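Contents: one structure, followed by commentary.
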Amino acid sequence: MPHPAPHHRTERLDQDHDGIRRAARLLQQGGLVAFGTETVYGLGGLATSQRTVKHIFQAKGRPSFNPLISHFASAEAAFAEADMAIPLHDMARRLARRFWPGPLTLILPRHAESRLCQAVTAGLDTLAVRVPRGRAVEDLLRLTGQPIAAPSANRSGRVSPSTARHVLDELEGRIDAVLDTGPCPVGLESTVLDLTGPHPILRRPGGVTLEELQEVCGPITVAEHDGTDDLRPTAPGQLTSHYAPSLPVRLDATHVHPHEAFLTFGGREVQGAAPALTLDLSPGGSVEEAARRLFASLRQLDQAAARHGLTAIAVAPLPAEGLGRALKDRLKRAAAPRPTDPASPPA
Ligand code: TXA
Ligand code: MG
């Protein structure tokens, strides 16, 4: 992937007092700062600044019609941007009490006087808001004192970063700084729940499981996604892959083709020929561990591709419940046809 000429040096900041202060200062000045949340690293910038948000889209190479999540230090600050005169207002507050700070994003109608810029919501009349968890990110948001727009800190269409190293591999020279908060404890993005209508709709499975949400909400409709990272309704034929490593991905594999790597779980083995390389997401069969390791494992297999002559990644069947739902969703998106594939449908 050719990187354009770097526009400046990217500072690497430690998650100590000075590092967090420097990150907050850069954000307040309109800079781009990546930081770890409990889910994945985000590429942050002031959500109130049209100019800064445009820079976020440019740094990622993200299409400007795909809206961003705004991050807040508290539920009060998040809900202040939303129009809470909605049928599900009480559910929103109960969800916030139970899961924030944590890996849940709520879609709410935008308040008429919201300070968020138009670019952050891609001109929609709805908002995506969340209060992330983690000592450093919570301090950073409090110190900055502003809503921070942050998509995952990867180039558009690529695997989300779960370490500061991953961020630098993709965005070095394109952002002002990365706050190194260590590896992300959840490893998959937040759950996106749409509360704008009469009933809750799960738009993206993630770090809070459907089962946990149902304890608070009762029945939830699960939206079928089309393989894109854009959660708004899209025209047919726009199926493209996201969360994608360079190698093609094949799901629910019980055997491997020659030159395929095998990404497995809980010690599951293949029948027939031995894989060119095997990587177990969690030998002990923990879906939490598998979630934490998924994105790093996909990157690792990509890097091993040349050395081992790999042509694809075959993925073992995975559990469908709990975090398994988000895990399978990310792999399904990674396996969707690529825009550059000869086999993919015309856009
Ligand atoms: O865990 C996460 O959510 C991470 C960390 C950094 O917070 N962020 C993240 O952002 O995954 P991003 O931009 O990669 O994914 C945001 C998703 C996209 O699929 C986008 O389409 C959707 O949220 N989204 C944002 N605003 C929306 C809205 N108003 N209505 C529907 N979907 C929306
Ligand atoms: Mg993303």
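Derivation of every value follows stated rules applied to the coordinates shown; laboratory data play no part. Note that the structure is a prediction, hence the values are computed from the model and not measured. Every residue, glycine as well, gets a Cβ built from its backbone with ideal geometry; the counts of neighbours run over all protein chains shown.
How high is the FRET efficiency between Arg21 and His257 when r is their beta carbon distance and R₀ equals 41 Å, given to the nearest 0.05?
Values: r = 52 Å, r/R0 = 1.28.
About 0.20, to the nearest 0.05.
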Using a Gaussian network model of the chain with C-alpha springs under 10 Å, which one of Arg21, Arg204, Arg98 is most mobile by mean-square fluctuation? Arg98
Of the residues Pro275, Ala23, Leu108, the Cα lying farthest along the dipole of the chain towards its positive end, which is defined by charges on the beta carbon of Lys, Arg, Asp and Glu, belongs to Ala23
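Translational diffusion coefficient of the chain at 25 °C, 0.890 mPa s, Stokes-Einstein with Kirkwood Rh over Cα pairs, in µm²/s as a whole number.
For these conditions, the coefficient is 120 µm²/s.
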Gap separating the Cα centres of segment 114-135 and segment 12-64, nearest whole Å: 14
Return a whole-number percent for the relative contact order of the chain, with Cα pairs under 8 Å and 6 or more residues apart as the contact set. 19
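Based on the alpha-carbon gyration tensor of segment 249-334, what equivalent-ellipsoid semi-axes (square roots of 5 times the eigenvalues) come out, in whole Å, largest first?
On the way: eigenvalues 78, 38, 25 Å².
The equivalent ellipsoid of segment 249-334 has semi-axes of 20, 14, 11 Å.
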Fraction of beta bridges assigned by DSSP in segment 11-231 that are antiparallel (%, nearest 5): 50
To the nearest 20 debye, the chain has a Cα-centred charge dipole, built from +1 on Lys and Arg Cβ and -1 on Asp and Glu Cβ, of 600
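Let me have the 222 nm mean residue ellipticity of the chain computed from DSSP H runs of 4+ only, each contributing -39500 (n - 2.57), with the sum over all residues rounded to the nearest 500. Write down the numbers at each step before the final one.
Details: 9 runs with 100 residues, N = 347.
Dividing the helical sum by the residues of the chain leaves -9000 deg cm²/dmol.
Taking the Cα centre of segment 90-199 as the origin, how large is its charge dipole in debye, to the nearest 20, when only Lys and Arg (+1) and Asp and Glu (-1) carry charge on their Cβ atoms?
I would put it at about 340 debye.
Suppose every Lys and Arg Cβ carries +1 and every Asp and Glu Cβ carries -1, with no other charges. What dipole size does segment 161-231 come out with about its Cα centre, to the nearest 20 debye? Present the calculation step by step, with values, prior to reporting the outcome.
Details: 4 positive and 14 negative charges, 22 e Å.
Here segment 161-231 has a charge dipole of around 100 debye.
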For Met84, Met91, order by how many other beta-carbon atoms lie within 10 Å, fewest first: Met84, Met91
